[in-house]
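Here is the structure we will look at, set down as structure tokens.
The values are calculated or read from the model by the stated rules, or taken from the named source; none is laboratory data. What you see is a predicted model, and the numbers here were worked out from it, not measured in a lab. All Cβ positions, glycine included, derive from the backbone under ideal geometry; neighbour counts span all protein chains shown. What goes into the accessible areas is simple: the full protein's heavy atoms, side chains included, and nothing from ligands, DNA or RNA. Shrake-Rupley method; radii C 1.70, N 1.55, O 1.52, S 1.80 Å.
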Amino acid sequence: MELKIGLKTSLMHVSYDDVRRVWQQADEMTEIADAWLWDHMMPLAGDRGGPALEGWTTLAALAAQTSRLRMGLLVTSNRFRRPALLGKMATTVDVISDGRLIMGLGIGGTVQSPGAGGVPGENPGIREYAAYGIPLISPREGIARLVETVTILRKMWTEEEFDYEGPFTTLTGTRNSPKPIQPTGPPLLIGAWGDRALRVVAEHADIWNIPGPPHNSVEALAERSRLLDRYCEEIGRDPAEVERSVQMIVTDDGAAEARETIAALAGAGFGHVVVGARRQYQADGMKWMLEEVVRPAYEVGVG
């Protein structure tokens, strides 16, 4: 299994200039395979009134100012944009980036009990979705909407014109031109934790992503990965067809711990690890990330 390491820049309490600088530095560091943004409208930590850039418009700008990195959102909320609009946006970014987009997608705002998915406390999306006039829905409806969006995205990327009648969306005479640069559309990454969402991953995704430390332990991730294996086998799919991806937070003084964690994740079958740290925005932050986390992780990882 080849190990790949990516970089995440969560768009809260940070300026666009700093994000752009970090992405352009990462674009020159061949050890970093890809770079990712988030999809939130308000900060989830710290000052809730602080700055937070919107993900897809920022991604389009960064696509035009980088040349090598694969890119996407970890992960797009399926609640913020209608499916066909999202398909057009993703196509546009794939064209701007010359075929470097990975379509990261998740269920988005659903009613969750405190601590769901390893995130402590009350569902952080409650205030955000209320502020933007988007109701939280049941997990069952969220799953059904996710499957519908995946179906529409695939049609937009491969069919010249189509109609669609689904449980939540009706489309008539839908055309999407130009098509993505990637022949059948960008690879589909689905972020998922729960049992029902993992079934959707088994049926539809090219890549599965899940939050890792500090939110979830390596052992917990390995258990989820085994469940995904089982779901793939039940539908006759080779589990190896679904790439295993995890994102993790690196503390300012946590390079050594991060290296150990990446090695453990690789040993558990996660071949794609996305790291993010507040320190990366400092003047020498990306040099630190490369020399203290990324390069040493490759040396001890599976590759």
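Annotations for the structure displayed:
- Placed amide H near SER217: partners under 5 Å, 5+ positions off or other chain: none
- Accessible area in the full protein assembly, largest first, 1.4 Å probe, for MET89, MET103: MET89, MET103
- Approximate spin-label separation ALA283-THR172, in nm, with each point projected 7 Å along Cα-to-Cβ: 6.2 nm
- Stretchable slack from THR184 to ALA61, in nm (0.36 nm times residue separation minus alpha-carbon distance): 41.9 nm
- Residue-level accessible surface for SER77, protein heavy atoms, 1.4 Å, Å²: 10 Å²
- Tally of Lys pairs whose C-alpha atoms are under 22 Å apart, taken over the chain, 8 or more apart or cross-chain: 5
- Working note: Karplus 6.51/-1.76/1.60 with θ = phi - 60° gives segment 132-145 the couplings 9, x, 10, x, 6, 10, 6, x, 4, 5, x, 4, 5, 5 Hz, where Gly and Pro are set to x.
- Dividing the Cα radius of gyration of the chain by 2.2 N^0.38 Å, with N the residue count, gives 0.96.
- Segment 174-303: C-alpha gyration tensor shape, a/c 1.5 cut-off, then a/b vs b/c: oblate
- Karplus-derived HN-Hα couplings along segment 49-56 (A = 6.51, B = -1.76, C = 1.60, θ = phi - 60°), whole Hz, x at Gly and Pro: x, x, x, 8, 7, 7, x, 6
- GLN247 long-range amide H proximity, modeled H, under 5 Å: ILE210, GLY212, VAL274
- Segment 235-245 - phi-based ³J(HN,Hα) in whole Hz, Karplus 6.51/-1.76/1.60, Gly and Pro as x: 9, x, 9, 5, x, 5, 6, 9, 5, 9, 10
- When the residues GLU165, GLU241, GLU291, GLU31 are ordered by accessible surface, computed with a 1.4 Å probe over the protein chains alone, the sequence from largest down reads GLU165, GLU241, GLU291, GLU31.
- Rolled with a 1.4 Å probe across the full set of protein chains, the surface gives TRP56 an accessible area near 10 Å².
- Within the accessible area of the chain, the carbon and sulfur atoms contribute 52%, probe 1.4 Å, all protein chains present.
- Taking the chain and dividing mean pair separation by its residue count, relative contact order in percent (alpha carbons under 8 Å, at least six apart): 19 percent
- The listed residues VAL218, VAL250, once ranked by accessible area (1.4 Å probe) with the largest placed first, stand as VAL218, VAL250.
- Charge tally around GLY142: other residues with Cβ under 10 Å, Lys/Arg +1 each, Asp/Glu -1 each, net +3.
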